[in-house]
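Trainee: Okay, here's the structure, questions in a sec.
None of the figures in this text is laboratory data; all of them are computed from the coordinates on show. As the structure is a computational prediction, the values presented were derived from the model and not from experiment. Neighbour counts are summed over all protein chains in view; Cβ atoms, including those assigned to glycine, are modelled from backbone coordinates with ideal geometry.
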Amino acid sequence: MSQYKIHPIVMGTKIFDKGMMTYQHDYGQLYTIPIYCWYLEGGDRKVLVDTGEMSPLQSEDREKSIGGKIYKFEEGLGLWGLTPEAIDIVIHTHLHNDHCENDYKCNNATFYVHEKELERVHNPHPLDFRYLEDYILDVEEAGQ
């Protein structure tokens, strides 16, 4: 069995009210979170978990608030000698736009996502703006 190393790559950030993540605590405090892509190193295939934001806001303030560098997709993959075309598998935790905006660049990859999540991206709840099927249509049309 292959052994893997998991490498986090920050592919964006979000600033929001901390109370959204800490149920009933710290409402009114702004909070910055990193948006990760994960490279799974090992085995005979190049595997990513999520692909992050297409055009992440890169600023000194954002990087200071998360304690690290924010990368654009190709730049982040380049840390490990990878290109989008070299990725064999992309596993999605879910299909909110900030997790799949670079999917179309991985044109040789096979994509894995829960079938209910795939249904949701095509028929989202009217108040949930985080599902944008535009980011996965190319992948679906290519049969990936």
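Trainee: Taking amide H positions as placed 1.01 Å from N in the peptide plane, with prolines and chain starts having none, which residues 5 or more places from Thr13, or on another chain, fall under 5 Å of its amide H?
Mentor: Close amide H contacts, sequence-distant or interchain: Ile35, Leu57.
Trainee: So how do Phe16, Phe73 line up by other beta-carbon neighbours within 10 Å, fewest first?
Mentor: So the residues, fewest neighbours to most, are Phe16, Phe73.
Trainee: A follow-up question, please. Which of the listed residues, Met1, Met54, Asn107, is farthest toward the dipole's positive end in the chain, when Lys, Arg count +1 and Asp, Glu count -1 at the beta-carbon?
Mentor: Most positive-ward Cα: Met1.
Trainee: What are the ³J(HN,Hα) couplings of the stretch 82-98, residue after residue, when phi is run through the Karplus curve with 6.51, -1.76, 1.60 and θ = phi - 60°? Round to Hz, x for glycine and proline.
Mentor: 10, 10, x, 5, 7, 6, 8, 9, 10, 9, 9, 5, 6, 10, 4, 3, 6
Trainee: For Met54, what residues show an amide H to amide H distance below 5 Å, using hydrogens built from the backbone and excluding near sequence neighbours?
Mentor: Glu101
Trainee: Amide H to amide H under 5 Å from Phe111: which residues, 5+ apart in sequence or cross-chain, H placed 1.01 Å off N in plane?
Mentor: HN-HN under 5 Å from Phe111: Val90.
Trainee: Could you run the Karplus curve 6.51 cos²θ - 1.76 cosθ + 1.60 with θ = phi - 60° over the stretch 43-55 and give me ³J(HN,Hα) per residue in whole Hz, x for Gly and Pro?
Mentor: Working through the residues one at a time gives x, 9, 10, 8, 10, 10, 10, 6, 10, x, 8, 5, 10 Hz.
Trainee: Of the peptides 26-33, 103-110, how do they stack up when ordered by the mean number of other Cβ atoms within 10 Å, highest first?
Mentor: Ranked by mean Cβ neighbours within 10 Å, highest first: 103-110, 26-33.
Trainee: Suppose every K and R has +1 on its Cβ and every D and E has -1 on its Cβ; what is the size of the dipole of the stretch 5-141 about the Cα centre, in Debye to the nearest 20? It would help to have the intermediate numbers written out before the result.
Mentor: Numbers: 13 positive and 25 negative charges, 112 e Å.
Its charge dipole is roughly 540 debye.
Trainee: I've got another one for you. Of the cross-linked pairs Lys5/Lys69; Lys18/Lys116; Lys72/Lys116, which ones have a Cα-Cα span greater than 26 Å in the structure shown?
Mentor: Beyond 26 Å between Cα atoms: Lys18/Lys116; Lys72/Lys116.
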